[in-house]
Amino acid sequence: MLDQLKRLAAFYEEVLRMPHRQEIARELRDQDDLFLLLLYSEMLGIPNPVYYYTLELYPYMIEQFHDWHLRMGMDKSPLTGIRCC
């Protein structure tokens, strides 16, 4: 009985989420783009007051940087210190 209720609740959530799946994915992508812009803003010439704290994140985010700058319409990396292409 409990297993059936869990499956019913999961089905109900999936039905509610289905029409908004693209909107949710777009919003998450926009948030990621904004985060990467803030992360690399100092290297792009935009002052970043938390630059010291974001330095630790660069090694983890470098793999996503290539996809980000292509999505932003830049064919090659705008940063001279980072070669990803």
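The values are calculated or read from the model by the stated rules, or taken from the named source; none is laboratory data. All of these numbers come straight from a predicted model, not from anything done at the bench. All Cβ positions, glycine included, derive from the backbone under ideal geometry; neighbour counts span all protein chains shown. Quick note on the areas: whole protein, heavy atoms, side chains included, nothing else; ligands and nucleic acids left out. Shrake-Rupley method; radii C 1.70, N 1.55, O 1.52, S 1.80 Å.
Here are a few things to note about the model shown:
- Considering the conditions (1) at pLDDT below 80; (2) open to solvent by less than 70 Å² (accessible area, probe 1.4 Å), Ala10 is excluded by exactly one of them, (1).
- Residue list for the range 33-62, filter: among the charged types (D, E, K, R) and closer than 24 Å to Gly73 by Cβ: Asp33, Glu42
- Filter result for Met43 (exposed (fewer than 10 other Cβ atoms within 10 Å of the Cβ), part of a helix (DSSP H, G or I) and of a type in the set (A, V, I, L, M, F, W, C)): no
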